[in-house]
Amino acid sequence: MSSINGLGREGPAPVVEDEITSFFGSAPPLKDSEKIFEKLNRFIELNSSPQGGDGGERRIVCVTSGGTTVPLEQRCVRYIDNFSSGNRGAASTEYFVKAGYAVIFLYRRGTCQPYCRSLPDDPFLECFEFPDGSDIQVRSSHSEAVKRAVRDQQAAVAESRLLKLPFTNIFEYLQTLQLIGTALKDLGPDAMFYLAAAVSDFYVPWNSMTEHKIQSGAGPLDIRLAQVPKMLWVLRTKWAPSAFCISFKLETDSKILLEKAGMALRKYKVHAVVANELLTRKEEVVVVSTDGNVLVRRDTDKPGSDVEDPLIRLIMDRHSAYIKESHT
Ligand code: PAZ
């Protein structure tokens, strides 16, 4: 067992290089990885060259969103999942785009998407109608919300401010994050990682996973889950060491939340940890950093307000200060 860059000897979070090598080495190949890499580089080039986009350089943030699944079979029939709806990532993406950032939205397929949060809950097909045999139309009751969502999403994509990359399982998530990390490395402090996805802590290594559907006739199921290597450390030390990095910590027990967030801050040397509790995560979060803890609350006097509105403002201010500091 060895540590990456020798950092394990100095820091409190030695990362076992063998574990990471073995994770990526034994993972099934990422489908379309070359196309993803091309898309990423084109997006980064458009947003970081002064001639591209709207003529100015933009900061780029990678927002991760939704939960990773853990397959139990290679030809996956069953998997372990988690609660994450993707609301945090989708809402944060909207606020980042509004503030002028270009966003790489690394999201779990089927979870909440930017600009779709205000759409009606009705099934998709019930949002449309054929009045008197004429062309298909959005029902008038939904038309404002649908128009706004389509307009905002299309503007963000047309202006190269939003690139969406999907994942489903833990392998695809970490492989794509590695591609993004490496692609953003040259942007130095102008790049940000905002890691709101709920990433599995345990998984079944691909090479110890059964190929076919697990048979129920074999009696009680006994599965040994390995620990997912802590990629945050590699992101911070290897993939994009100068990027501004925000991680998230979720707990259900408020008594340990801030302590765990503080531990993550020190261990992975991220610039802040956003601590939240399962039941109140849409109302308030605490931003934990070496400058102290800041409670961020949704403005309850404003109907329909999000906690992500003040949160992203705070994170952007911190990012600006970090960029300034990095250039002095
Ligand atoms: O996706 P969502 O809006 O339902 O929830 C957001 C969240 C709780 C997944 C996110 O704020 C978070 O804390 N992510 C990291 C979870 C963790 O690994 O501790």
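The values are calculated or read from the model by the stated rules, or taken from the named source; none is laboratory data. In this text the structure is predicted, and so the values were computed from the model without any measurement. Neighbour counts are summed over all protein chains in view; Cβ atoms, including those assigned to glycine, are modelled from backbone coordinates with ideal geometry. With ligands, DNA and RNA removed, areas are computed over all heavy atoms of the protein, side chains included. Shrake-Rupley method; radii C 1.70, N 1.55, O 1.52, S 1.80 Å.
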Given only helices, namely DSSP H runs of n ≥ 4 each adding -39500 (n - 2.57), what is the per-residue ellipticity at 222 nm of the chain, to the nearest 500 deg cm²/dmol?
-> -11000 deg cm²/dmol
Of the beta bridges DSSP finds with both residues in the chain, what % are antiparallel, to the nearest 5?
-> 35
Selected from F128, G110, N169, residue furthest toward positive end of dipole (the stretch 65-171; charges at beta carbon) = N169
Enumerate the amide H contacts of A198 below 5 Å, restricted to partners 5 or more residues apart or on another chain; note that Pro and chain-start residues carry no placed amide H.
-> G66, G67, T68
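Accessible area per residue of the chain at 1.4 Å probe, in Å²? It would help to have the intermediate numbers written out before the result.
Working: 17390 Å² over 328 residues.
Ligands and nucleic acids excluded, the figure is 53 Å² per residue.
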Per 10 angstrom bin, beginning at 0 and ending with the bin that holds the maximum distance, the Cα pairs of the stretch 200-291 fall in percents of 14, 32, 27, 19, 8, 1
Among V157, V70, V97, which one moves the most in a GNM of the chain with springs linking Cα atoms closer than 10 Å?
-> V157
Which order do F37, F202, F171 take when ranked by solvent-accessible area (1.4 Å probe, heavy atoms of all protein chains), largest first?
-> F202, F37, F171
Considering the dipole of the chain built from charges on the beta carbon (Lys and Arg +1, Asp and Glu -1) around the Cα centre, which of A191, P205, V234 is farthest to its positive end?
-> V234
Could you give the C-alpha radius of gyration of the stretch 146-234 expressed as a fraction of 2.2 N^0.38 Å, taking N as the number of residues it contains?
-> 1.57
Please tell me the relative contact order of the stretch 220-328 in percent, rounded to the nearest whole number, where contacts are Cα pairs under 8 Å and at least six residues apart.
-> 17
Could you pull the Rg and Dmax for the stretch 73-205, using just the Cα atoms, both in Å?
-> 18.0, 58
Cα-based convex hull, the stretch 114-154, per residue volume (Å³, whole number) | 72
For the stretch 96-102, what does the Karplus curve 6.51 cos²θ - 1.76 cosθ + 1.60, with θ = phi - 60°, yield as ³J(HN,Hα) per residue in whole Hz, taken in order and with x for Gly and Pro?
-> 5, 4, 4, 8, x, 7, 9
Can you give the Rg to Rh ratio of the stretch 237-303, both from alpha-carbon atoms, with Rh computed by the Kirkwood formula?
-> 1.03
Report E283's accessible area, 1.4 Å probe, all protein chains in place, as a number in Å² to the nearest 10.
-> 80
Rounded to 5, percent antiparallel among DSSP beta bridges of the stretch 62-155 | 50
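Take the cross-link list K185/K255; K238/K282; K260/K324; K238/K302; K213/K255 and give me the ones stretching past 31 Å between alpha-carbons.
Numbers: K185/K255 37 Å; K238/K282 33 Å; K260/K324 29 Å; K238/K302 42 Å; K213/K255 41 Å.
Where the Cα-Cα span goes over 31 Å, the pairs concerned are K185/K255; K238/K282; K238/K302; K213/K255.
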Alpha carbon Rg of the stretch 146-301, scaled by the compact-globule rule 2.2 N^0.38 Å = 1.28
Highest GNM mean-square fluctuation among A243, A264, A99, for the chain with Cα springs under 10 Å, belongs to A99
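What's the Cα-based Rg to Rh of the chain, Rh via Kirkwood?
Rg/Rh for the chain comes to 0.98.
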Percent relative contact order of the stretch 16-166, based on C-alpha pairs within less than 8 angstrom and at least six residues apart?
-> 22
Can you tell me the dipole magnitude for the chain around its Cα centre, using point charges on the Cβ only (Lys, Arg +1; Asp, Glu -1), in Debye to the nearest 20?
-> 600
